[in-house]
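Let me begin by presenting the structure, written as structure tokens, before commenting on it.
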Amino acid sequence: MTPETQAPETQAAEQARPPKIAFMATCLVDLMRPSVGFAAVKLLEDAGCDVRVPQGQTCCGQPAWNSGDRANAKRLARRTIEAFEDYDAVVLPSGSCAATIIKDYPEMFSAGDRWRARAEKLAAKTFEITAFLADVLPDAKVAAEAPAGVGKVTYHDSCSGLRSLGIKDQPRALLGRVKGVEVSEMVESEVCCGFGGTFCVKYPEISERMVADKARNAEESGAELLLAGDLGCLMNMAGRLTREGRPVKARHVVEVLAGMTDGPAIGEGSK
């Protein structure tokens with residue numbers, strides 16, 4: 001039955017139903033920083049979404065795809081498509097994983113392959129979380145006031161989110177709605193932190209120079225807290241900040257937006 005042939009009361013019920021959102025935790029959040037996942041789910045639920053965490057989700061396949069392992073990338077893509085395609089939207093706390101689904105999945109399958117259409121359909125309803133909250137649900141609730149210890153922050157624009165998905169204004173707009181948070185832009189906020197997945201393994205000297213520049217720029221911004229939307233970048237930068245003894249902590253942006261900063265910052269020991 002199409003929307004045009006549904007009874008008016010059925011259409012009204014469908015429109016009143018909260019959007020059924022599938023949350024993809026991503027590997028790093030699941031294994032290294034579950035608090036990011038809980039903060040993201042809180043933001044989505046506070047925005048009125050019916051949030052589900054589908055069983056069977058695993059790696060999106062990005063490392064395999066970027067390393068040339070096309071067979072395993074496609075295998076993981078098919079598994080992800082099957083797990084997530086029946087929801088109204090798919091939301092991830094990662095620009096890089098979201099970009100893999102949105103940009104790379106359709107390219108993995110040739111025209112005429114039955115998986116191509118399914119990949120394109122999933123790509124069309126997949127969002128990085130700050131883009132979803134700012135662009136799709138502009139009235140979404142965020143923390144009314146800055147959590148304790150959060151004041152001046154600076155923001156790193158992760159490569160995949162910025163260059164593949166155009167995410168730049170959205171996290172800043174959301175932070176601007178949290179009373180007491182001041183965004184102090186660092187120099188070269190759009191420059192790569194040097195992580196780049198396997199890039200830091202293949203080219204460690206270049207990677208170390210890039211993250212050293214990023215750590216210095218973060219401190220020189222005057223901010224006490226460095227935020228970003230990709231945990232890989234944050235772990236890389238937090239590690240450098242800690243090793244150099246710089247007075248800047250690192251967190252995923254959703255932790256501040258959800259007001260969930262009671263736990264240790266990235267790279268800190270448990271309190």
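The values are calculated or read from the model by the stated rules, or taken from the named source; none is laboratory data. From a predicted model like this one, the values you see are computed outputs, not experimental measurements. Here the Cβ positions follow ideal geometry from the backbone for every residue, glycine too, while neighbour counts run over all protein chains shown.
For the reader, a short list of remarks on this structure follows.
- Leading residue by the ranking (farthest from the chain's Cα centre (by Cα)) among those in the range 105-121 that are surrounded by fewer than 22 Cβ atoms within 10 Å (Cβ to Cβ) and among the hydrophobic types (A, V, I, L, M, F, W, C): ALA111
- Restricting GLU255, GLU268, GLU208 to residues that are at pLDDT below 95 and closer than 12 Å to ARG33 by Cβ narrows the list to GLU268.
- The range 39-74: number of residues that are surrounded by 14 or more Cβ atoms within 10 Å (Cβ to Cβ) and assigned to a helix (DSSP H, G or I): 16
- Positions within the range 241-263 being buried (at least 23 other Cβ atoms within 10 Å of the Cβ) and part of a helix (DSSP H, G or I), in sequence order: LEU241, VAL253, VAL254, GLU255, VAL256, LEU257
- The listed residue being surrounded by 18 or more Cβ atoms within 10 Å (Cβ to Cβ), modelled with pLDDT of 95 or more and either within 21 Å of MET32 (Cβ to Cβ) or touching a Pro at 6+ places or on another chain (Cβ under 9 Å) (or both), out of LEU227, LEU174: LEU227
- Of all residues in the range 105-143, those satisfying the criterion of being assigned to a loop (DSSP other than H, G, I, E, B), among the aliphatic types (A, V, I, L, M) and touching a residue at least 60 places away in the same chain (Cβ under 8 Å) are LEU137, ALA140, VAL142, ALA143.
- Unmet criterion (only one of (1) part of a helix (DSSP H, G or I); (2) modelled with pLDDT of 95 or more; (3) not small (Gly, Ala, Ser)) for CYS192: (1)
- Flag for SER164 being polar (S, T, N, Q) and without any contact (Cβ under 8 Å) to a residue 40 or more places away in the chain: no
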